[in-house]
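One structure is given here, and the rest of the page talks about it.
Derivation of every value follows stated rules applied to the coordinates shown; laboratory data play no part. On a predicted model such as this, the values are computed, not experimentally measured, just so you know. Note that we place each Cβ from the backbone using ideal geometry, even for glycine, and neighbour counts take in every protein chain shown.
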Amino acid sequence: MPNNITLNRFFDALNRRDPKQIGTLIAEEAEFYFPKTKPMRGKDQIIRFFRILFHLYPELLFQLERTIIEGKTAAAHWKNRGINRKGKPYNNEGITIFQEGDEGLIVFMSDFFKDTENF
């Protein structure tokens, strides 16, 4: 992540609920660690996760607050808000660690967030 362009594209695609665009940013061999789930390995499994997330949260918007970038690693601090499929409001705040591979695609993501009770 040498700059914020990939991070902004990722969060824009997330807010547009566009798994196809998210997939263009993720390497085939990528890994994703999300609280209370088994590690996800491979682009297809990660995209499947986002499709399920979009189903569980018909409204979910992320606001990127700040980023810290060091070499090919970035930490993105975000806040989100939305409504789950039961119509209940949801909001949270967290950090996602990203790592870029040699091809310029995301090869690693790990989420850390404040409220894990809803997952």
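Quick one: is ASN8 polar (S, T, N, Q), in contact (Cβ under 8 Å) with a residue 12 or more places away in the chain and in a strand (DSSP E or B)?
Numbers: polar (S, T, N, Q): yes; in contact (Cβ under 8 Å) with a residue 12 or more places away in the chain: yes; in a strand (DSSP E or B): no.
Judged against the criteria, ASN8 is not a match.
For the stretch 25-45, which residues satisfy the criterion of being under 25 Å from LYS79 (Cβ atoms) and either among the hydroxyl-bearing types (Ser, Thr, Tyr) or assigned to a strand (DSSP E or B) (or both)?
ILE26, ALA30, GLU31, PHE32, TYR33, THR37, MET40
Taking the stretch 1-42, which residues are in contact with a Leu (Cβ under 9 Å, 6 or more places away or on another chain) and among the basic types (Lys, Arg)?
Result: ARG9, ARG17.
Identify all residues within the stretch 1-26 that are crowded, with 18+ Cβ neighbours inside 10 Å and in contact with a strand residue (DSSP E or B) (Cβ under 6 Å, 6 or more places away or on another chain); write none if there are none.
Listed by number, the residues that qualify are MET1, LEU7, PHE11, LEU14, LEU25, ILE26.
Report yes if PHE98 is in contact with a helix residue (DSSP H, G or I) (Cβ under 6 Å, 6 or more places away or on another chain) and either outside any strand (DSSP E or B) or not aliphatic (A, V, I, L, M) (or both), otherwise no. Show your work before the answer.
Numbers: in contact with a helix residue (DSSP H, G or I) (Cβ under 6 Å, 6 or more places away or on another chain): no; either outside any strand (DSSP E or B) or not aliphatic (A, V, I, L, M) (or both): yes.
So PHE98 does not fit the description; no.
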